[in-house]
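Inspection log for the structure reproduced underneath, given as structure tokens.
The values are calculated or read from the model by the stated rules, or taken from the named source; none is laboratory data. None of these values were measured; they are calculated from a predicted model. Backbone-built Cβ (ideal geometry, glycine too); neighbour counts: all protein chains shown. Only protein heavy atoms, including side chains, enter the accessible area calculation; ligands, DNA and RNA are left aside. Shrake-Rupley method; radii C 1.70, N 1.55, O 1.52, S 1.80 Å.
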Amino acid sequence: MVRCDATVEAGTGHVMRCLALSQAWMDAGGQVAYVCAALPQALAARISEENIAVRRLECEAGSPQDMADTILHARAFRAKWLVVDGYHFGPAYQRALAETGLKVIVIDDGGGATHHCADFVVNQNLYADESLYPSRAPQTRLLLGCGFALLRREFWQWRERDRAVRSEARNVLVTLGGADAQNTSLSVLNALIRTRKTYLEVTVLTGIVNPHEDSIRRLAETSTIPIRVEHAVSDMPSQMAWADLAISAAGSTTWELLFMGLPSLVVAQAENQQPIARAVGLAGAGVTLDPEHTGDWSSTIARVLEDPVARGHLSQTGRRLVDGWGAHRVVQEVLNSGTR
């Protein structure tokens with residue numbers, strides 16, 4: 001069973017990476033149900049399309065009532081494993097689940113001082129290492145790094161495909177997450193317009209819970225470069241295959257872009273995304289945009305657009321880091337632990 005949420009503030013990444021793990025679990029013969037305190041109807045429908053049951057909690061996320069109700073749902077579903085993904089599932093929450101006899105998998109980004117008593121902690125980020133988890137129970141196993149990047153089923157068919165980096169970059173994909181609460185998409189589009197590269201073709205993706213779609217569409221209508229707005233796209237790999245360059249939030253989409261070998265510029269929209277942006281830049285797998293200096297973005301974008309050698313290096317580095325088998329590796333580790 002999976003316990004996660006999606007909101008404008010938190011975005012949709014927690015739910016979507018859990019979906020990747022769920023798909024791999026079902027491929028191995030398992031069953032999955034979701035329990036959510038906050039979940040947009042469109043996202044609930046997306047999960048239901050996978051033949052996954054969705055149950056809603058009528059309580060505050062992370063509260064004692066949340067713990068109690070989640071345990072009741074787990075018993076009703078006869079779950080042996082419970083995946084939790086969200087910043088409000090701390091030590092007390094994990095301990096309460098474990099005390100019922102449930103096996104617990106935590107999908108995490110930060111590590112830090114939190115004491116983990118889960119059976120597995122999965123941190124798919126490039127910067128993840130054991131030093132992030134100094135306080136954990138003896139039975140807690142760590143699955144760390146991009147080798148465990150959780151990519152959904154639609155990406156799996158692209159594992160063996162090569163990516164050609166064109167000498168002239170024309171197609172630009174703008175994808176700032178399922179929510180984009182700060183409307184960073186608008187800042188990126190304005191930066192693209194300021195490059196004065198009128199030959200560009202731009203596609204901007206607005207996510208399921210994006211509250212700013214109207215302002216983005218208004219800008220697209222008056223732009224000096226062609227901008228196509230696509231809402232709630234289900235086939236992300238095709239969008240990434242079309243593009244020569246992506247401008248993205250430094251969230252879970254980053255690992256999808258690296259897997260697809262799509263040269264990318266990434267921007268940290270929140271504090272928890274800063275380590276991803278920094279790690280990707282240091283690894284030479286992406287170019288970072290400073291969220292405090294949006295006026296500099298157009299020159300950075302233009303420089304990458306004009307440099308096929310740099311884009312080729314970004315593409316090759318990304319493909320080396322993320323191979324698309326992460327979700328299956330997690331499932332195999334769980335199955336090898338002896339409890340299905």
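Mean residue ellipticity at 222 nm from the helices of the chain, using -39,500 (n - 2.57) per DSSP H segment of n ≥ 4 over the full residue count, to the nearest 500 deg cm²/dmol?
-11000 deg cm²/dmol
Taking just the alpha carbons, could you work out the radius of gyration and Dmax for the chain, both in angstroms?
20.0, 61
How many percent of the alpha carbon pairs in the range 238-294 exceed a separation of 20 Å?
Tail of the P(r) past 20 Å holds 17 percent of the pairs.
So for the range 99-144, what are the equivalent ellipsoid semi-axes in whole Å, largest first, each being the square root of 5 times an eigenvalue of the Cα gyration tensor?
18, 11, 8
Just how many % of Cα pairs in the range 33-103 lie over 20 Å apart, if you round to the nearest whole percent?
Of all Cα-Cα distances in the range 33-103, 27 percent exceed 20 Å.
In the range 280-340, what is the volume of the convex hull around the alpha carbon atoms, normalised per residue and reported in Å³?
Measuring per residue, one finds 119 Å³ for the Cα hull of the range 280-340.
What number, in percent, do you get for the relative contact order of the range 176-270 if the mean sequence gap of Cα pairs under 8 Å and at least 6 apart is divided by its residue count?
In percent, rounded to a whole number, it is 28.
Please pull out the direction-averaged projected area of the range 62-113, using the convex hull of its alpha-carbon atoms, in nm² to one decimal place.
Result: 3.4 nm².
Restricting to Cα pairs below 8 Å that are 6+ residues apart, what does the relative contact order work out to for the chain? Please round to a whole percent.
Details: 675 pairs, mean separation 59.0, N = 340.
It comes to 17 percent, rounded to a whole number.
Pairs of alpha-carbon atoms within less than 8 angstrom and 6+ residues apart define the contacts here; what relative contact order does the range 7-81 have, in percent?
Relative CO of the range 7-81 lands at 25 percent.
Quick one: accessible surface of E130, probe radius 1.4 Å, all protein chains present, in square angstrom to the nearest 10.
110
Calculate, in whole percent, how much of the Cα-Cα pair population of the range 150-230 lies beyond 20 Å.
Numbers: 1369 of 3240 pairs.
Across the range 150-230, Cα pairs with separations above 20 Å total 42 percent.
Place a +1 charge on the Cβ of each Lys and Arg in the chain and a -1 charge on the Cβ of each Asp and Glu, then give the dipole magnitude about the Cα centre in debye, rounded to the nearest 20.
The calculated dipole for the chain is roughly 660 debye.
Provide F148, F77 ordered by accessible surface of protein heavy atoms (probe 1.4 Å), highest first.
Result of the area sort, largest leading: F77, F148.
What do you get for Rg/Rh over the range 175-275 if you use C-alpha atoms and the Kirkwood form of Rh? Don't jump to the answer; show the numbers that get you there.
On the way: Rg = 12.8 Å, Rh = 13.8 Å.
Checking Rg against Rh, the ratio lands at 0.93.
Please compute the per residue accessible area over the chain with all protein chains in place, 1.4 Å probe, rounded to a whole number of Å².
42
Please work out the Kirkwood hydrodynamic radius for the range 88-177, using every pair of different C-alpha atoms, and report it in angstroms with one decimal place.
Values: mean 1/r = 0.0634 Å⁻¹.
After inverting the pairwise mean of 1/r, the radius is 15.8 Å.
Taking K and R as +1 and D and E as -1, what net charge do the other residues with C-beta under 11 Å from the C-beta of G101 add up to?
Residues close to G101 contribute a combined charge of +2.
Once you have the Kirkwood Rh of the range 126-182 from its Cα pairs, apply Stokes-Einstein at 37 °C and 0.692 mPa s and quote D in µm²/s.
Reported coefficient: 204 µm²/s.
Roughly how many Å² of K80 are accessible to a 1.4 Å probe, to the nearest 10?
Near enough 120 Å² of accessible area.
Please compute, for the alpha-carbon atoms of the range 1-145, the extent along each of the three principal axes and give them in descending order in Å.
Principal extents (Cα only, largest first): 39, 34, 31 Å.
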